[in-house]
Every structure is written in C-alpha cells, then in structure tokens.
Amino acid sequence: VTSPALGLSRALRSSANLIDAAVAQRRLRNAPTDVAAATDFVFSFTCGTVDLAPIQVRSEVERFLELIGRPQRVVELGTAHGGMLFLFTRVATADATLVSVDLPGGLFGGGYPRSWRRLLGSVGRPGQHVHLVRGDSQQEATRAEVGALLGGTADLLLIDADHRYDGVRRDYELYRDLVAPSGLIAFHDVVPGSPAMVGGVPRFWEELKISDLETTEIVEDWAQGGWGLGVVRVR
Ligand SMILES: C[S@@+](CC[C@H](N)C(=O)[O-])C[C@H]1O[C@@H](n2cnc3c(N)ncnc32)[C@H](O)[C@@H]1O
C-alpha cells in the first residue's frame with residue numbers, strides 16, 4: 001500500500017524528470033554534428049536530472065569512433081543514458097538506422113527512466129531513424145524486433161548490456177548473425193576489474209581472442225580496472 005505522501009513525492013519526481021527531459025530535448029536540437037565537438041558536448045551534457053555522458057573512457061571512445069567509420073545500420077545492446085547512441089548518430093550516415101536496446105532496471109547500469117523515451121528517441125540527425133527497444137536483449141522476441149526495425153544487416157553491433165559471462169555470450173550468439181560480412185562487433189569492459197563492473201566480459205573476450213577472428217583492443221591502460229573495448233571483424 002502506497003501512502004499519500006509517498007505517492008505525491010513519486011508524482012513530483014516523475015514530473016520533474018519529464019520537465020528535465022523536455023528541456024534537454026530542446027537543447028539537443030542544437031547539438032553539434034562535428035564528431036569532436038559532439039564528443040565534448042555529450043561528455044559534459046547535464047540538464048537537471050538528465051545526464052547523457054557515455055559510460056566509457058573518453059579516449060577509448062574517440063579511438064573507437066575513428067575505427068568504426070560511417071556505419072549505416074547500428075545496434076547497441078545496453079543504452080543506459082544514451083551517450084554512445086548519440087555519438088553513433090554523429091558518425092553514422094545521414095540515412096542511418098540505429099536500434100538501441102535496454103532492459104529497465106537491468107544489471108550493470110539500470111537503463112533510463114520512462115520519461116526519457118522521447119528525449120533519447122530524438123538524438124538522431126534529420127534523415128536518420130533511431131529506435132529504442134525496452135526489453136531483455138536475451139529474448140528471441142527482442143532479437144526479432146531488433147532485426148525487423150533494422151531492416152537489413154548491421155555494420156556495427158555494440159554489446160554492452162548484461163555483463164555476466166552467460167549474458168555477454170548469449171548476446172553474442174543471438175545477434176552475431178545480424179552483422180554483415182566485414183561488419184564490427186564490439187564489447188565493452190574487456191579489461192579485468194571488479195565483478196560488479198565488468199562481470200564475465202574479460203573472460204569471454206579472452207576466449208574470443210584465441211579464436212581465428214580478427215580482433216582489435218582499444219584500451220587506455222590495462223591497469224585501469226575495467227573499461228576498454230574489444231572489437232571483432234566479422235568474416
Ligand atoms: C554499462 S550500461 C550501457 C552503457 C552504454 N552502452 C554507454 O556506453 O553509455 C549497461 C546497460 O545494460 C542494460 N542491461 C542489462 N541487462 C540487460 C538485458 N538483459 N537486456 C537489455 N539491457 C540490459 C542495463 O539496464 C544498463 O543500462
């Protein structure tokens with residue numbers, strides 16, 4: 001049973017979130033298109049309760065954006081605050097389709113509030129199509145929805161959702177066929193760190209590295225305790 005005071009405080013918080021998200025959405029209309037300026041913009045973007053900064057090491061993101069070129073179809077598993085999604089829209093083609101999946105309250109970040117849906121849905125440049133899927137990436141139904149929204153094979157897949165060993169493995173196995181030949185599959189948190197932060201990603205990455213796939217590592221410092229991107233090129 002919810003007390004009237006608790007109910008009122010929840011309602012006030014949710015309207016404050018909605019107002020912040022609407023103001024943030026207006027500010028996003030003037031977001032830079034140039035990648036360097038957009039990176040500055042998003043890493044420092046706050047607006048009341050809205051904070052869009054990517055959950056990433058900035059120098060690693062900069063190298064990653066150079067590596068991925070100009071993708072036309074992008075899938076991100078693990079939207080969180082939408083910072084990487086925003087940056088993908090800056091490097092992607094003018095007609096790109098981007099699909100980002102997050103499970104509300106999911107492990108390793110918790111996703112974004114419902115009141116941010118319009119805000120995050122508006123991060124694209126004119127002519128681009130941004131789709132947000134709120135669900136468990138590991139479900140067949142979610143995979144089917146992502147495939148239908150994408151309308152073709154992906155040039156880039158970022159796996160950054162459930163970091164537990166079985167979670168990252170499941171995402172890889174479920175989505176890898178969605179990636180086009182020569183496309184890229186990236187994993188975040190390949191650097192060993194606390195289990196609460198990196199889960200089983202470093203172990204999974206070590207196993208993938210010894211396969212005969214072409215891999216690249218983008219790591220600022222192997223002693224930084226987590227973070228780092230591992231990238232595989234699909235044959
Ligand atoms: C580390 S954050 C993602 C960071 C984001 N990609 C970025 O670079 O800013 C991980 C996100 O994955 C989400 N998540 C966890 N398990 C998931 C699942 N099974 N399906 C979809 N999303 C999940 C969490 O809710 C969280 O928001």
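The values are calculated or read from the model by the stated rules, or taken from the named source; none is laboratory data. Source: prediction; values computed, not measured. Every residue, glycine as well, gets a Cβ built from its backbone with ideal geometry; the counts of neighbours run over all protein chains shown.
A few comments on the model shown:
- The single condition among (1) assigned to a helix (DSSP H, G or I); (2) within 8 Å of the ligand (Cβ to nearest atom); (3) surrounded by fewer than 16 Cβ atoms within 10 Å (Cβ to Cβ) that Gly167 does not meet is (3).
- Conditions (1) crowded, with 21+ Cβ neighbours inside 10 Å; (2) more than 16 Å from the ligand (Cβ to nearest atom); (3) more than 24 Å from Arg27 (Cα to Cα): number failed by Leu103: (2)
- Residue match in the stretch 112-119 (condition: touching a residue at least 60 places away in the same chain (Cβ under 8 Å), within 13 Å of the ligand (Cβ to nearest atom) and surrounded by fewer than 19 Cβ atoms within 10 Å (Cβ to Cβ)): yes
- Residue satisfying all of: in the stretch 38-82; among the small types (Gly, Ala, Ser) and either within 15 Å of the ligand (Cβ to nearest atom) or farther than 29 Å from Ala16 by Cα (or both); nearest to the chain's Cα centre (by Cα) among these: Gly78
- Scanning the stretch 64-92 for residues that are charged (D, E, K, R), under 20 Å from Ala31 (Cα atoms) and crowded, with 20+ Cβ neighbours inside 10 Å yields a count of 1.
- When Val232, Val123 are checked against the criterion of being modelled with pLDDT of 95 or more, within 14 Å of the ligand (Cβ to nearest atom) and not aromatic (Phe, Trp, Tyr), Val123 stands alone in meeting it.
- Selection status of Val168, within 19 Å of Gly105 (Cα to Cα) and touching a Pro at 6+ places or on another chain (Cβ under 8 Å): no
- Single match in Trp205, Trp222 (criterion: loosely packed, with under 15 Cβ neighbours inside 10 Å, of a type in the set (A, V, I, L, M, F, W, C) and touching a residue at least 24 places away in the same chain (Cβ under 8 Å)): Trp222
- Unique match (being touching a residue at least 40 places away in the same chain (Cβ under 8 Å), more than 8 Å from the ligand (Cβ to nearest atom) and within 13 Å of the chain's Cα centre (by Cα)) among Leu156, Leu149, Leu178: Leu156
- Test for Leu87: is it without any contact (Cβ under 8 Å) to a residue 60 or more places away in the chain, under 22 Å from Asp171 (Cβ atoms), near the ligand (Cβ under 10 Å from one of its atoms) and assigned to a helix (DSSP H, G or I): yes
- Pair list, Cβ < 7 Å and 6+ apart or interchain, from the stretch 32-54 residues that are modelled with pLDDT of 95 or more to residues that are assigned to a loop (DSSP other than H, G, I, E, B) and among the aliphatic types (A, V, I, L, M): Ala38/Ala31; Phe41/Ala31; Val42/Leu52; Val42/Ala53; Phe43/Ala53; Phe45/Leu52; Phe45/Ala53
- Every condition in (1) touching a helix residue (DSSP H, G or I) at 6+ places or on another chain (Cβ under 6 Å); (2) under 25 Å from Val42 (Cα atoms) holds for Arg143 except the one numbered (2).
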